[in-house]
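Written out below as structure tokens is the structure these notes cover.
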Amino acid sequence: MKLKKTRLYPFGIVLEAEHPGRDVNAVPVQLLRELFREEQLVVLRNFKTFESAEEFSTYCNRWGEVSVWPFGKVLELIERENPEDHIFDHSYVPLHWDGMYRPQVPEYQIFHCVEAPLAHQGGRTTFSNTLLALKNASEEQKALWAKVSGTYQRKMEFYSSKTVSPVITDHPRRGFPVIRYNEPPDAEGSFVNPPDLHFAGVTGEEEILFHRSLREALYAPMNFYAHEWKKGDVVIADNVSLLHGREAFVSQAPRHLQRVHVLSEVPYNNPGLESYQ
């Protein structure tokens, strides 16, 4: 199959079939793995995708062991009426990594866009490449970030957990440094079910500088990409090298994503998980 490749800025790649409507299953997973390691984000667009959550999870099984949640393998990300958690609201979601509250941290996030918001309705999924953030940071910035460890607690319908992680740590499979950070929400009072966040290693003005400098780096155009969804998009994202979040969108906009977590070839046990239920 001939593929059109388009590089995204500042990272990531889009693959499109030469003839739209080809089955996404025809794209070799080994090719996608190689691009994933190089680019951290792979977008498949204009392919024939999945008619059901079962078809989607079957596709994801080709990537490795799928992480099973209380709801099953596929999370339906769609706005709920009177949501009890922000992932089912239409608000923005701060940058974070998935699996931080779970016994195992997935390497792959695989998304499928069932329905996309209309133009200018918002709802882009945001990605920050922590490899680039560290590469582009000053030695002074990295020294400050390296002093800090975050303690994160969160309770929602799928778990009640506490985890602790240094802000700069090593990639468990590849050895290079990455950033692990749950960005504090800035929508106090309107953000549904915020996590309980504490940061050790800095206090006072230094803590303010830590959050400001890290946030500026993570959202800097040279490190940050926001994906505008198109119906049928399949996105494979590196959950270890990237942080991700969501822009707010217009309530009741037709935004429906499906998400599956796939574990590493050797599953990565969460090193910072202190309690989980």
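The values are calculated or read from the model by the stated rules, or taken from the named source; none is laboratory data. Nothing here was measured: the structure is a model prediction, and the numbers come from that model. Cβ sites come from the backbone with ideal geometry, for glycine too, and all protein chains shown count toward neighbours.
So that you can scan it fast, the table gives a plain yes or no per residue for (1) under 27 Å from Phe249 (Cβ atoms); (2) charged (D, E, K, R):
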site: Glu84; (1), (2): yes, yes
site: His90; (1), (2): yes, no
site: Glu107; (1), (2): no, yes
site: Asn136; (1), (2): no, no
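Is it the case that Phe224 is closer than 26 Å to Val68 by Cβ and either surrounded by 14 or more Cβ atoms within 10 Å (Cβ to Cβ) or touching a Pro at 6+ places or on another chain (Cβ under 6 Å) (or both)? Against the criterion (closer than 26 Å to Val68 by Cβ and either surrounded by 14 or more Cβ atoms within 10 Å (Cβ to Cβ) or touching a Pro at 6+ places or on another chain (Cβ under 6 Å) (or both)), Phe224 does not qualify. Selection of segment 93-115 for residues being within 22 Å of Phe11 (Cα to Cα) and either touching a Pro at 6+ places or on another chain (Cβ under 6 Å) or of a type outside the set (Val, Ile, Thr) (or both) yields Pro94, Leu95, His96, Trp97, Asp98, Pro106, Glu107, Tyr108, Gln109, Phe111, His112, Cys113.
Inside segment 185-198, can you point out the residues that are of a type outside the set (A, V, I, L, M, F, W, C) and either modelled with pLDDT of 95 or more or surrounded by fewer than 13 Cβ atoms within 10 Å (Cβ to Cβ) (or both)? Within segment 185-198, Asp186, Glu188, Gly189, Ser190, Asp196, His198 meet the criteria.
Output the residue which, of all residues in segment 42-65 that are polar (S, T, N, Q) and assigned to a loop (DSSP other than H, G, I, E, B), is surrounded by the fewest Cβ atoms within 10 Å (Cβ to Cβ). Looking at the filtered set, the residue picked out is Ser52. Within the option set Thr163, Thr151, Thr169, being among the hydroxyl-bearing types (Ser, Thr, Tyr), more than 29 Å from Cys60 (Cα to Cα) and modelled with pLDDT of 95 or more holds for one residue only, Thr151. Total residues in segment 124-167 satisfying the condition of being under 17 Å from the mean Cα position of the chain (by Cα) and either within 13 Å of Ser241 (Cα to Cα) or aliphatic (A, V, I, L, M) (or both): the figure is 8.
Filtering segment 231-254 to residues that are surrounded by fewer than 22 Cβ atoms within 10 Å (Cβ to Cβ) and basic (Lys, Arg) leaves only Lys231. So which residues in segment 1-26 are part of a loop (DSSP other than H, G, I, E, B), surrounded by fewer than 19 Cβ atoms within 10 Å (Cβ to Cβ) and among the hydrophobic types (A, V, I, L, M, F, W, C), if there are any at all? Within segment 1-26, Met1, Leu8 meet the criteria. What number of residues within segment 1-43 are in contact (Cβ under 8 Å) with a residue 60 or more places away in the chain and either among the small types (Gly, Ala, Ser) or under 21 Å from Ala220 (Cα atoms) (or both)? Total satisfying the criteria: 8.
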